[in-house]
Amino acid sequence: MILEIDVQTLNSKKINNEDFILLDVRTDQEVFISIIEGSLHIPMNDIPSKMNELDKEKEIIVQCKSGKRSAKVCEFLMRNNFNNVKNLKGGIIAWAEQIDPSIIVY
């Protein structure tokens, strides 16, 4: 089962400087349009070859545009022994609507 985190909780974690990885799995083109500050960008298709760059000891919050692709990445990471993985509910769309209206929604 995939655990989810909402944008308010993510924002609190960022404000409190908690130690976690915000993993953005959108395409290069999407990231060029808008990004949540402080995120690590690894496109979804590159995750299998680059997952060794992720710290398994840290909480990893996976983010995409709406939460669908990031949920698939969460499943993949959990199958590969990442135990502290959460999906950002609503993705960058929810972030733009509820936290940062300056973000361009495409």
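What are the pairs, 6+ residues apart or on separate chains, where a residue within the range 5-31 that is more than 19 Å from M44 (Cα to Cα) and of a type outside the set (A, V, I, L, M, F, W, C) has its Cβ under 8 Å from a residue that is open to solvent by 60 Å² or more (accessible area, probe 1.4 Å) and assigned to a helix (DSSP H, G or I)?
Listed by first residue and then by second, the contacts come to Q8/Q98.
If only one of N52, N87 is under 21 Å from L3 (Cα atoms) and of a type outside the set (F, W, Y), which one is it?
Working: N52 fails: under 21 Å from L3 (Cα atoms).
None of the others qualify; the one that does is N87.
Please verify whether the range 7-25 includes one or more residues that are of a type in the set (K, R), in a loop (DSSP other than H, G, I, E, B) and surrounded by 15 or more Cβ atoms within 10 Å (Cβ to Cβ).
Quick first cut of the range 7-25, residues of a type in the set (K, R) only: 13-14.
Applying the additional criterion that residues be in a loop (DSSP other than H, G, I, E, B) yields none.
No, because not a single residue in the range 7-25 is of a type in the set (K, R), in a loop (DSSP other than H, G, I, E, B) and surrounded by 15 or more Cβ atoms within 10 Å (Cβ to Cβ).
Somewhere in the range 37-51, is a residue among the acidic types (D, E) and either in contact with a Lys or Arg (Cβ under 7 Å, 6 or more places away or on another chain) or in contact (Cβ under 8 Å) with a residue 60 or more places away in the chain (or both)?
The first filter runs over the range 37-51 and keeps only residues among the acidic types (D, E), leaving 37, 46.
Narrowing further to those that are either in contact with a Lys or Arg (Cβ under 7 Å, 6 or more places away or on another chain) or in contact (Cβ under 8 Å) with a residue 60 or more places away in the chain (or both): none.
No; the residues of the range 37-51 include none that is among the acidic types (D, E) and either in contact with a Lys or Arg (Cβ under 7 Å, 6 or more places away or on another chain) or in contact (Cβ under 8 Å) with a residue 60 or more places away in the chain (or both).
Return the total of residues in the range 26-48 being part of a loop (DSSP other than H, G, I, E, B), of a type in the set (D, E, K, R) and open to solvent by 60 Å² or more (accessible area, probe 1.4 Å).
Narrowing the range 26-48 to residues part of a loop (DSSP other than H, G, I, E, B): 26-27, 34-39, 42-43.
Of the ones still in play, those that are also of a type in the set (D, E, K, R) are 26, 37.
Imposing the further condition that a residue be open to solvent by 60 Å² or more (accessible area, probe 1.4 Å) reduces the set to 37.
Of the residues in that region, 1 qualify.
Residues checked against (1) outside any loop (DSSP other than H, G, I, E, B); (2) open to solvent by 10 Å² or more (accessible area, probe 1.4 Å):
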{"site": "E57", "(1), (2)": "no, yes"}
{"site": "I61", "(1), (2)": "yes, no"}
{"site": "K65", "(1), (2)": "no, yes"}
{"site": "K72", "(1), (2)": "yes, yes"}
{"site": "F76", "(1), (2)": "yes, yes"}
{"site": "N81", "(1), (2)": "no, yes"}
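Within the range 83-95, can you find the residues that are within 20 Å of S66 (Cβ to Cβ) and not in a strand (DSSP E or B)? Before you say what the answer is, go through the steps one by one.
First, pick out the residues of the range 83-95 that are within 20 Å of S66 (Cβ to Cβ): 85-95.
Once the filter is applied, which keeps residues that are within 20 Å of S66 (Cβ to Cβ) and not in a strand (DSSP E or B), the range 83-95 yields K89, G90, G91, I92, I93, A94, W95.
The values are calculated or read from the model by the stated rules, or taken from the named source; none is laboratory data. Only a predicted model underlies this, so the values are computations on that prediction, with no experimental measurement involved. Glycine gets a Cβ as well: all are built from the backbone with ideal geometry, and neighbour counts include every protein chain shown. For accessibility, only protein heavy atoms count, side chains too; no ligands or nucleic acids. Shrake-Rupley method; radii C 1.70, N 1.55, O 1.52, S 1.80 Å.
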